Structure formats: C-alpha cells, structure tokens
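Student: Dropping a structure here in structure tokens format, bear with me for questions.
Read the figures in this text as sums done on the coordinates, not as results from a lab. Quantities reported herein were computed from a predicted structural model and do not represent experimental measurements. Methodologically, a virtual Cβ is constructed for each residue, glycine included, from the backbone with ideal geometry; neighbour enumeration extends over all protein chains shown.
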Amino acid sequence: MRGKGKWATVPLGAAVLTAMTATGCSGGGGGSGGEKVTITHYTIDSPDRTFVEKLIPDFEKAHPNIKVKVTKAPYEQFDSKLQSAIAAKNAPDVTSHWGYGGFMEYYNKGMLMDLTPYLEEGGFKASDYNIPDSVMDIYKVDGKTYGIPLNSYVTVMLYNKDLFDKAKLEYPPTDYEDKSWTFDKMVDYAKKMTVDSTNLAEAQYGVDFGWGERDQRPQYFGANVYSEDTWTNGGKPTEINLSKPETIDAYKKIYGLIWDQKVSPTAAFSKSVSGQFGDPFLSGKIGMSVVGSWSLASAKDFSFNVGVAAVPQGPNEKVRSVLYVDPLFVLKDSKHPKEALEWIKYLITTEVQEKSIELSGGNPPVNQKAAEKYYSNFEGIDPEQIKQVYEGAFKYGFESYNHLISNYSQINELFINELAPVENGDKKAEEVLPVIEEKLKKLLQRVNE
Amino acid sequence: MSELTTSAAACKPRRRGPKLSSVLGVAALLIVTVIMLSPLWFMVATALKTTKEMLRFPPTVIPEQFAWGNFKELFVNSEIKFGRQYMNSVIVAVFSVFGTVLSSSLVAFGFSRYRAKGSQVLFMLVLSTMMLPYPAIMIPQFLLFTKLGLHDSLLPLILPNFVGSAYMIFLLRQFFSTLPAELYDAGRIDGSGEFRLYWSLTLPLAGPVLATVAIFTFIWSWNDLLAPVLYLDSQENFTLPIGMAAMMSSKFRLAPWNLLMAASILASIPIILMFVVAQRRFVEGIVLTGMK
C-alpha cells in the first residue's frame, strides 16, 4: 500500500510541475504587443523531412515573435499520431499528407483550413515563389486554396546502364518530344535484357512498369477508371469504368508484361530480391524502371551505373507522367494560421528551397528557380538530362490519384488486395475487374454518403 | 538355434544402432541449428556490410570488408541519437517491470487469498479488460495523459504499469492459489500481518512466476512502438523502436539496412541477457503455471 501511495504522487507532482511550466511560459510571452507564439510542424521522422529543423534558426531570427517546434513520427505511424493529436485537441499547425491518406481525404474529413483569406490579406502571388499556376491549382477546391505546394516529384524512367551496355542497346532518350521512344520499343528493349529463369541468381528482367498506383495505371493507356467529374467534385467518382473494354485492355497490357511478354518481374521475384517494400531495381537485375523521381535521390548508392530517361510514349498522347506534388497544409484547429502561413511561405522562397535540396539529400523543389539547382544534384547524371525529363513530365503530367480522390487509402487497399491474384498469375485481369467494380461501387456508396 | 541367431542378429545392429542414430540425430540437429541461426547470421553479416555491398544480389554470405564503422555511426550520427534512445528504452522497461511486478502481485495476492461477496465478479471484470485491444483505449488514454500535462514525457509509458496488468494478475493469481492455506496459517500464528504474508512469504516463494512476469513485461515494453509514438514528440524522449522505425521511414530513400541491423543486434542484447539470467526460473515458471 505504501508503495502505491508513493507512486501515486508522481503523476500529480509531474502534472503540477508541467502546469506551472506551461503557465510560466505563456505568461512570459504574454502581452498584446510582441506576443510570441509557437507553431508546430508535424512531419515524418526521416532525414529528408526532418531537415527543416535546420531552417528554423534563420526563420526565428527573421520572425522573432514566432517559434517553430518540429514533431515527428515514423511513416507507418504518421496517420495514427496525427488522428489522436487532433482528437486530443493537440493538433499540429503545419503538416502534409505524408502518411497513407491523401489531400482529398484530409479535405473531406474537414481537417484543413481554407488559406484563401490569409493569402489574399498578405497579397500572396504564386509567381513570387516561381510556382506555376497549374501546380498551385492542384490544392484548390472551388477556387479556395487548402495547400501550398512544397516539393514536386514526377514519374521518370531509370535505367541500368550496365545492362544496356551488355545487351548492346542504345540508351533511351530524355526528350519527351522524341516520339520514336514508344511503349512497344520499350518492350522490345526489355525482351533483349530479360533472362526469364527460375534461378534467382540468373534471372533478370527488362522493365518494371511502376507507373502510378494500380487504379491510375490504365490512364497511361488512354483509359480512365473514374468518371471525369471526380476531378471537379471533391474526389468522389460517380461512375466506375472497370468493365469497359479499353480499361480491360489496359490492365491486360500491364499484367501482360509479366505473364505474356515475360519481361517484367513477378511479385515473388521482386519480394525475394528486395524485401516486402523495397524496389527491385536496386538489385541491379532490372533493365528499366518506371518509378517516382524520389528514387533518383539514392542513385549514388546504386552498385551499377544509372541513367534517367523519358517515360515512353504510350497510347495516351496527353498523359505520360504521374506528378506527385507535396503540399503543406495548415490544419483547421490551428490557433495561429497567420504565423503558420509565414513559415510555409519562408519554406518556398528560392533561397530556402535551394538550401533544402542539399539538406534533404535531393528533394525536388516546387520553386522553378530553385529547381535549376536540383537538376545538378545527382552525381553521374547530366543535369540537362534531368531537366529535360522533368520538363517533359510536367508538360505531359497528371497529378497522382491518391492526392485527388476521397478516401483513397481504402480504395487503394481494395485494388492491391483484389489485383494480387492477377499479379501472382492465379487469375486473369478480365476475371477480377468486374468483381473490383462491384466492390468499389459499394465502398464508394458507403464512404461518400 | 533359430532363437539364438535372431537374438544375435538383433544384437548386431543394436550395437551399431545407437552410434548411427546418434550421428544422424546430431546431424539433423546441426542442420536445424544452422537453419534457425541463418537469419541471425544474416543480421550480423548485414550489420557489417557497406551500403553498396548491402544492395548486392545475390547477397554475400560473409561481408567482403567488415564495416565496423556501422556500429560507431549509430552513436556519432547526430540525426540518429541511438544512445539517448537506448537509455530511454531502458528507463521505461525497468520502471515498467518494477511497476507491473509490484502492482500485479499485490492485486493477485488479494484475489487469491481473500474471499468476499463479488470478488469473483471483480476478477472476471479484471480479466475482461484483456479483451480490449490497445487501439480501442488509446485515444481516451491519450486524452487523459494530455490533460494531466504528461504529454511528451516517459511517464505515460510507465505509469499504467503501476496499476496492474490483467494478464499478469491472472498469471500470478493462478500461482498464488496453489500455495497451501496452512502456510499462511503458520505465518499468522507467528504473528505476521497481511502485508508481511504478501511480502515475506508469498513473494519469495513466487520466484519463477515473478521472473516470467518480469520477462514478459520487459519484452513488451522494450518492443512497444505505438504508445511511444503517440506520446513522445521530442527526439530526446524517443525510445528505440521509434528510432529504428524512423530509419526505414523514408519512402524516398534507401533504408540503411546495415545500420538497422547493427541497431537490432544492440537492441536484442538486453533481452538476451535478461533471458539468460532468468532462464532457469522462467522455464520453471511456465511449467509450474501450466501444471497447477
């Protein structure tokens, strides 16, 4: 009993102490004139995100009334920590959709603050920060701005120069206007590099076509899984086109790379060479990989020579690259939206965006002036080539579905689970697509009501 | 005659038999041991590889050059703060073990020794809390500790252990119930009070089960990721699982598997040590609680 009593005093004592510190803190900074406020920036605990801590001292010097505190969580736990913080009325001021959920999910849950009045008040112009209007529009709903772009990733093709040299193939072009670089030519190249063998040490594959998420992939082939109104009505598809012939054909082509042409690795192969979530390209056993440009940042660690190329021209003449523009949001519960916005604006200035490239180890800036510096950040790859690939990707780009569709994590999970038998070779795409359509319709009906 | 031959024939292989079977037995054990140890070997080998070698496929079995620097990197890299996280994990685990052993044994003692109206119902109620998964109680508990102002400190991870754990209470109560009532009568005749009966009589006899409770609590606390993630904001307060999960957090960068494996080796040391020290009592404890 005595032991228990002693310990019971611990939380009490600590609570009193914390309460005293808290009140002491706000008391010291109180007063209407130079009121000092603390804003919280919540991010993923990895060096390419937490580097913002190094930008704080300069910001605080320039804004003596604002203090920035960075809180973080590992990727897998990012969403749960955020949700519990919001539930406990302890929400951070600034964050992004760095977990599984996307912009539309945050928006529809009412988590985001409409920044329009604050932007207007401060006379914000995207051009001052060299952000293209089209990029700024991604995070607008009904003309209201809910997010300020920070980084822009695109889809690129990385290729293993060593495997190309061995197969005596010409390197693929970086120019999106070079229309001779087509999907079919890519498959031809891939065939020449593929060694389809059950012996893992011998097997190698020509191409890993990781273009967007599974539901976006048909877009490359000119088919759209969701009705057009999805992009204007807040990410809620009214029609699903999974049983249309063009969509079925698109999926047949995608999975045909694995099972008919046999130029792409099976899921089993990928997992065995790179683990559950790794990228098989890193093993040096894949000739070409269509992938998000974040993979470029690790290029210096690859054990082979790597090149960058344009995503080949597919049946869709307008869309060849998925764009992943990461924004910063101010959460609705923020008590200091103005100060939070100051911090965001600071992060997108040319100087800070340039600094961030090096500090983060190669995050692509949204500020197009700073982007020049980004292109020359990768050892062994010609800056002009990266620039050309990026510019082409922007021109022929479409924003990633996960940022645009409501309740995306559930939808994505459905696609992953239902397409698994196709990826494993147990079923054909045309068999599972009607099932997915059915389930997806039910899911959307439930979540969008 | 025929009997003789059969017995002689039976004798021969019998003499050779044990030899062959023991050789086969040892060989089989060796093979199983190698299979069981291979992930451990892979962990050690990866911990000693350079980043370039770590990515090679098929992987090298023995590192070409031993990168001992990986271990040093964990402690000198200011972004990782491994030493600090290790210390925090030790603090949380040690206090959790202390709290659980103390509180759960006290409650279990009560349940096993005293009969009162509704004590069975009360015990069932305690047991039923085992059915609540942590995610179900995490938000209310988070709110509670935030209101108490204990957010971003190690206390929310330690304090719940001081109010007992249903599973441990159950384990201990089952053990305490096997101790004969005569023992307590003798204690009372010798003038022991109730607390003395608990402290000087029951606990010393409960060595094996207390060791079991200690090991379980230690491992749970040592491996716990979700609760620390929710409560801790500042890097100085992070525990090992957060630090290690953070190492593979970036979907944009290579996971530093070599550093992660080096960290895993260091992180498994306390658990191995704890098991070695308490092994005899631990195994005894499981056998006893299972039997009685």
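Student: Report, as an integer, the average count of C-beta atoms from other chains found within 10 Å of each Cβ along A:78-85.
Tutor: On the way: counts 2, 0, 6, 7, 0, 3, 11, 5.
Per residue, the average neighbour count from other chains is 4.
Student: Check each of the trypsin sites (Lys or Arg not before Pro) in segment B:81-123 and keep only those in coil by DSSP with at most 12 other C-beta atoms within 10 angstrom; list them in order.
Tutor: B:Arg115, B:Lys117
Student: Return the calculated 222 nm mean residue ellipticity for the protein assembly as shown, to the nearest 500 deg cm²/dmol, obtained by summing -39500 (n - 2.57) across DSSP H runs with n ≥ 4 and dividing by the residue count.
Tutor: Values: 31 runs with 392 residues, N = 741.
Computed mean residue ellipticity for the protein assembly as shown: -16500 deg cm²/dmol.
Student: Same structure again: Obtain the radius of gyration and the Kirkwood radius of chain B from its C-alpha atoms and give Rg over Rh.
Tutor: Working: Rg = 26.2 Å, Rh = 23.4 Å.
Rounded to two decimals, Rg over Rh is 1.12.
Student: Once label points are set 7 Å from the Cα along Cα→Cβ at both B:Leu20 and B:Ile219, what is their separation, rounded to one decimal in nm?
Tutor: Placing both labels 7 Å along Cα→Cβ, they lie 4.0 nm apart.
Student: Which of the chymotrypsin sites (Phe, Trp or Tyr not before Pro) across segment A:42-111 are loop residues per DSSP, with 14 or fewer other Cβ within 10 Å?
Tutor: none
Student: Still on this structure, please answer the following. So how far apart, in nm, are the two label points at A:Asp184 and A:Lys168 if each is 7 Å from Cα heading toward Cβ?
Tutor: Taking the simple label geometry, A:Asp184 and A:Lys168 are separated by 2.4 nm.
Student: Quick one: helix A:2-29 against the long Cα principal axis of chain A, what's the angle to the nearest 10°, folded into 0 to 90?
Tutor: Long axis of A:2-29 versus the principal axis of chain A: about 90 degrees.
Student: List the chymotrypsin sites (Phe, Trp or Tyr not before Pro) within segment A:253-360 that fall in a DSSP loop (any state other than H, G, I, E or B) and whose Cβ has at most 13 other Cβ atoms within 10 Å.
Tutor: Passing sites in segment A:253-360 are A:Phe277.
Student: Also: Once you charge only the Cβ atoms, +1 for Lys and Arg and -1 for Asp and Glu, what is the size of the charge dipole of segment B:132-268 about its Cα centre, to the nearest 20 debye? It would help to have the intermediate numbers written out before the result.
Tutor: Numbers: 6 positive and 8 negative charges, 75 e Å.
Using Cβ point charges on Lys, Arg, Asp and Glu, segment B:132-268 gives about 360 debye.
Student: I've got another one for you. As a quick test, which of the pairs A:Lys140/A:Lys252; A:Lys191/A:Lys252; A:Lys109/A:Lys355 have an alpha carbon distance above 23 angstrom in this structure?
Tutor: Check vs 23 Å cut-off fails for A:Lys140/A:Lys252; A:Lys109/A:Lys355.
Student: Round to the nearest 10 and give me the degree value, 0 to 90, for the angle of helix A:383-395's Cα axis relative to the longest principal axis of chain A.
Tutor: It is inclined by approximately 90 degrees.
Student: Still on this model: Relative contact order of chain A, please, whole-number percent, based on alpha carbon pairs below 8 angstrom and at least 6 residues apart.
Tutor: Reported relative contact order: 24 percent.
Student: What FRET efficiency do you get for A:Glu431 and A:Thr198 if R0 is 22 Å and r is their Cβ-Cβ distance, rounded to the nearest 0.05?
Tutor: After rounding to 0.05, the efficiency reads 0.30.
Student: Now for a different question. Can you list the HN-Hα couplings for segment A:194-207, worked out from phi with the Karplus curve (6.51, -1.76, 1.60; θ = phi - 60°), rounded to whole Hz and with x for Gly and Pro?
Tutor: 7, 10, 7, 9, 7, 7, 4, 5, 8, 4, 8, 10, x, 8
Student: What do you get for the angle between helix A:429-447 and the principal long axis of chain A? Use alpha-carbon atoms, 0 to 90 degrees, nearest ten.
Tutor: Tilt relative to chain A: about 20 degrees.
Student: So, one more: With all pairs of different alpha carbon atoms counted, what Kirkwood hydrodynamic radius in Å does the protein assembly as shown show?
Tutor: Every distinct Cα pair counted, the radius reaches 29.9 Å.
Student: Whole angstrom only: what separates the Cα centroid of segment B:18-39 from the Cα centroid of segment A:104-175?
Tutor: 58
Student: Please work out whether segment A:52-170 counts as rounded, prolate or oblate from its C-alpha gyration tensor, where a ≥ b ≥ c are the square roots of the eigenvalues and a/c under 1.5 means rounded, while otherwise a/b larger than b/c means prolate and anything else oblate?
Tutor: Note, shape of segment A:52-170 comes out prolate.
Student: Here is a follow-up. In 5 Å bins starting at 0, how do the alpha-carbon pair distances of segment A:110-243 split up by percent?
Tutor: Binned Cα distances yield the sequence 2, 7, 12, 13, 13, 13, 11, 10, 8, 6, 3, 1, 0.
Student: What's the FRET efficiency of A:Asp133 with B:Gln120 using the Cβ-Cβ distance as r and R₀ = 51 Å, to the nearest 0.05?
Tutor: After rounding, the FRET efficiency stands at 0.10.
Student: When Cβ neighbours within 10 Å are restricted to other protein chains, what is their mean count per residue of peptide A:303-314?
Tutor: 1
Student: Summarise the partner chain shielding of A:67-77 as one whole number: the mean count of Cβ atoms from other chains within 10 Å of each residue's Cβ.
Tutor: 6
Student: Amide H neighbours of A:Ala310 under 5 Å, at least 5 residues apart or on other chains, H built in the peptide plane: list them.
Tutor: When sequence neighbours closer than 5 places are left aside, the close amide H contacts are A:Thr174, A:Asp175.
Student: Relative contact order (percent) for chain B, with alpha-carbon contacts under 8 angstrom and 6 or more residues of separation?
Tutor: Working: 271 pairs, mean separation 83.4, N = 292.
Relative contact order, chain B: 29 percent.
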